[in-house]
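Student: This structure is in structure tokens; I'll ask about it shortly.
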Amino acid sequence: MTQPVVGVLALQGGVAEHLAMLESLGARAIRVRSASDLLGNDGAPVVHALVLPGGESSTMDRLCRTFGLFDPLREVIAAGLPVLGTCAGLIMLASQIEDPAPGQQSLGVLDVTVARNAFGSQVDSAEVSLEWAGSQVAVVRAAFIRAPAVTRVGDDVEVLARYQDSVVAVRQGNILAISFHPELTGDVTVHEELLGLARMGATA
Ligand code: GLN
């Protein structure tokens, strides 16, 4: 693969910062707003990886279903397409939401339970340094904005970072999911990890 193509779900939320960060790392970043942005005529994904951004997970969920993206997203991720979910994107990926909005669904591809808005008002918004235990050990500059916490981790899920005794970053095979926003602090560690998965064509 010469240049990975990465789709950013662009129905709602913080899209532009992800596009800019991915481009700065040498990827081609495109907005995904419909199934035809994601899948070619043969039904195979036209991107090598996906980002589900932060925003408001219940709105993102509703728009995904309205725009016919819910099932295609679930299918390509379940089939092994590398994906990074940040904040609301983590909630979208989770198999269970402790405190969903009325009618809120999630894609259910990542075996974790999440609690929305889990950090108290003190860290409703905060910028901190976290130890990152991904493919490279690093310190990640992370912004938390009404962030969720991971409250249950399935057997196949690896914990990559914790904050205030809560799990805030996980990986399950092709799925990376984090509670925070590195795209707002300019820290490229997590996006590089996603591009690493894209280059490997990670499926497990
Ligand atoms: N609290 C939001 C939600 O429940 C997530 C916030 C964010 O993505 N920054 O979707």
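Student: Show me the three semi-axes of the equivalent ellipsoid for segment 12-106, from the C-alpha gyration tensor (sqrt of 5 times each eigenvalue), largest first, rounded to whole Å. Mind showing how you got there, number by number?
Tutor: On the way: eigenvalues 90, 54, 27 Å².
So the three semi-axes of segment 12-106 are 21, 16, 12 Å.
Student: Once you sort the root eigenvalues of the Cα gyration tensor of segment 116-198 as a ≥ b ≥ c, which label holds: rounded (a/c under 1.5), prolate (a/b larger than b/c) or oblate (the other case)? Could you put the intermediate results ahead of the total?
Tutor: Working: a/c = 1.94, a/b = 1.23, b/c = 1.57.
Because a/c hits 1.5 or more and a/b fails to exceed b/c, segment 116-198 counts as oblate.
Student: Using the Kyte-Doolittle scale, find the helices of the chain whose mean hydropathy is at least -0.5 and whose Cα atoms extend 15 Å or more along the helix's long axis, counting only whole DSSP H runs.
Tutor: Numbers: long enough: 189-200 (17 Å, 0.29).
Once both thresholds are applied, what remains is 189-200.
Student: Right, another one. With the radius of gyration and the Kirkwood radius both derived from the Cα set of segment 149-191, what is their ratio Rg to Rh? Kindly include the intermediate steps, with their values, before the conclusion.
Tutor: On the way: Rg = 10.7 Å, Rh = 11.0 Å.
Looking at segment 149-191, the ratio lands at 0.97.
Student: Give me the one-decimal Kirkwood hydrodynamic radius in Å for the chain, with the sum taken over alpha-carbon pairs.
Tutor: Numbers: mean 1/r = 0.0608 Å⁻¹.
One over the average 1/r among Cα pairs gives 16.5 Å for the chain.
Student: So with the 1.4 Å probe, I'd like the accessible area per residue for segment 64-204, rounded to whole Å².
Tutor: Details: 5890 Å² over 141 residues.
The answer is 42 Å² per residue.
Student: Right, here's the next one. How would you classify segment 52-93 from its alpha-carbon gyration tensor, with a ≥ b ≥ c the square roots of the eigenvalues: rounded for a/c under 1.5, else prolate if a/b is greater than b/c, otherwise oblate? Display every interim value, and only then the final one.
Tutor: Numbers: a/c = 2.79, a/b = 1.16, b/c = 2.41.
Oblate shape, in that a/c is at least 1.5 and b/c is the bigger or equal ratio.
Student: Counting only DSSP beta bridges with both residues in segment 60-204, tell me the antiparallel percent, nearest 5. Intermediate results must be reported in sequence, preceding the final value.
Tutor: On the way: 24 of 31 bridges.
Just about 75 percent of them are antiparallel.
Student: Using a 1.4 Å probe on the protein heavy atoms, what percent of the accessible area of segment 76-204 belongs to carbon and sulfur? Walk me through the intermediate numbers first.
Tutor: Numbers: 2310 of 5210 Å².
Reported share for carbon and sulfur atoms: 44 percent.
Student: I've got another one for you. Compute, for segment 148-193, the length of the dipole vector about the Cα centre, with Cβ point charges of +1 (Lys, Arg) and -1 (Asp, Glu) only. Units Debye, rounded to 20.
Tutor: Working: 3 positive and 8 negative charges, 35 e Å.
The calculated dipole for segment 148-193 is roughly 160 debye.
Student: Toward the positive end of the charge dipole of the chain, about the Cα centre and with charges on Cβ (Lys, Arg +1; Asp, Glu -1), which of ILE30, THR113, GLY85 goes farthest?
Tutor: ILE30
The values are calculated or read from the model by the stated rules, or taken from the named source; none is laboratory data. Everything numeric in this text was worked out from a predicted model, so none of it was measured. Neighbour counts are summed over all protein chains in view; Cβ atoms, including those assigned to glycine, are modelled from backbone coordinates with ideal geometry. Surface accessibility is based on the protein's heavy atoms, side chains included, excluding ligands, DNA and RNA. Shrake-Rupley method; radii C 1.70, N 1.55, O 1.52, S 1.80 Å.
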